Amino acid sequence: MIELINITLWNIWTLDLAWALAISGLAGVVLGFTGFGSALVMMPLMAILYGPVEALGLLGICSFLASLPIGWTAARQANWPEVGPMVIGLIIAVPIGMIFLFHFDPVIIKRIIGVSVIAATLVLYMGWIYKGPRNILTGFFTGALSGGLTGFTGIGGPVVAVYILASSDTTSVQRSGIVITAVTVMGVLLASLIWNNVLTPEIIGRGILLTPIQVIFAKVGEKLFHLAPERFFRVTALGTLMLAGIAVMLE
């Protein structure tokens, strides 16, 4: 047992870990501010370091645990009649999306991740919002689409974000709904990864090291949501996401 722990620590403690710690911190800030953006940072950059499957494992561990503290507060403010159907769709679709992850070439998946990040960043930058009907069915299918994309590429948050931001709720209620869907999708993602035996000792070890960094910086991002000028941080965050998408496309 001791020998297994030593081998695992040796495999984890590489130069890549320094980059992974920085990525986790940046993802935490974005998560705390937006409620969902950690995947847009982590997936493309972690995929460069470790490949898409391990990147998804690290995303599941870190983002779920980091989003829990802000999730408790969000649960009291969320508009549950609107968020509830999305949560059900997410729970059903994440495992289905993950099936495709295991049957595609990792290089193709990286390209899909890159395109997804760039497209999502453009949608958020342009301020596009959903203007169609809002009911249980549209909420469910929005959650299902987001869950399927998350299971396959790790990036599905912008789908529910665009839908929720089109509602007439206050900014705080909208952000709470986004946080609730993020906690749900990452929890289901983590459970699916465990079920499919994806979480190796190395992935778990890295996740344990990276999670506290993301938790701390998520609290920083949450403070920025209340204190920093929204436009300044929005431009900075979206610029970072665009660079991440381009990086994984060129890798």
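Observations on the structure shown:
- So Gly156, is it farther than 15 Å from Ala27 by Cβ, surrounded by fewer than 23 Cβ atoms within 10 Å (Cβ to Cβ) and small (Gly, Ala, Ser): no
- Against the test of being touching a helix residue (DSSP H, G or I) at 6+ places or on another chain (Cβ under 9 Å) and surrounded by 22 or more Cβ atoms within 10 Å (Cβ to Cβ), the options Ser167, Ser176 yield a single qualifying residue, Ser176.
- For first residues located in the range 104-116 and surrounded by 14 or more Cβ atoms within 10 Å (Cβ to Cβ), partners that are of a type in the set (S, T, N, Q) and assigned to a helix (DSSP H, G or I) and lie 6+ apart or on another chain with Cβ distances below 8 Å form the pairs Ile109/Thr153; Ile112/Thr153; Ile113/Thr153; Ser116/Thr153.
- Selection count where residues are at pLDDT 75 or above and open to solvent by less than 50 Å² (accessible area, probe 1.4 Å), scope the range 1-28: 7
- Within the range 160-214, the set of residues being under 20 Å from Pro133 (Cα atoms) and under 18 Å from the mean Cα position of the chain (by Cα) comprises Val160, Ala161, Val162, Tyr163, Ile164, Leu165, Gln174, Gly177, Ile178, Thr181.
- Members of the range 133-178 found to be over 30 Å from Gly51 (Cα atoms), polar (S, T, N, Q) and part of a helix (DSSP H, G or I), listed by number: Thr138, Thr171, Ser172, Gln174, Ser176
- Which numbered condition Tyr130 misses (of (1) hydroxyl-bearing (Ser, Thr, Tyr); (2) over 14 Å from the mean Cα position of the chain (by Cα); (3) in a helix (DSSP H, G or I)): (3)
- Those helices (runs of 4 or more DSSP H) of the range 29-117 in which 2 or more residues are modelled with pLDDT of 80 or more and more than 24 Å from Val162 (Cβ to Cβ) occupy 38-50, 52-77.
- With respect to being surrounded by fewer than 23 Cβ atoms within 10 Å (Cβ to Cβ), hydroxyl-bearing (Ser, Thr, Tyr) and at pLDDT below 75, Tyr130 fits the description.
- Yes/no for Glu54 being touching a Ser or Thr at 6+ places or on another chain (Cβ under 7 Å) and in contact (Cβ under 8 Å) with a residue 12 or more places away in the chain: no
- Here is the figure for the range 202-234: residues that are assigned to a helix (DSSP H, G or I), more than 15 Å from Met46 (Cβ to Cβ) and either among the acidic types (Asp, Glu) or at pLDDT below 70 (or both) total 6.
- Residue identified as open to solvent by less than 30 Å² (accessible area, probe 1.4 Å) and not acidic (Asp, Glu) among Leu145, Leu189, Leu149: Leu189
The values are calculated or read from the model by the stated rules, or taken from the named source; none is laboratory data. Keep in mind that what you see is a predicted model, and the values were worked out from it rather than measured. Cβ coordinates were reconstructed from backbone atoms using ideal geometry, including for glycine residues, and neighbour counts include every protein chain displayed. Protein only, heavy atoms only, side chains kept; ligands, DNA and RNA dropped before computing areas. Shrake-Rupley method; radii C 1.70, N 1.55, O 1.52, S 1.80 Å.
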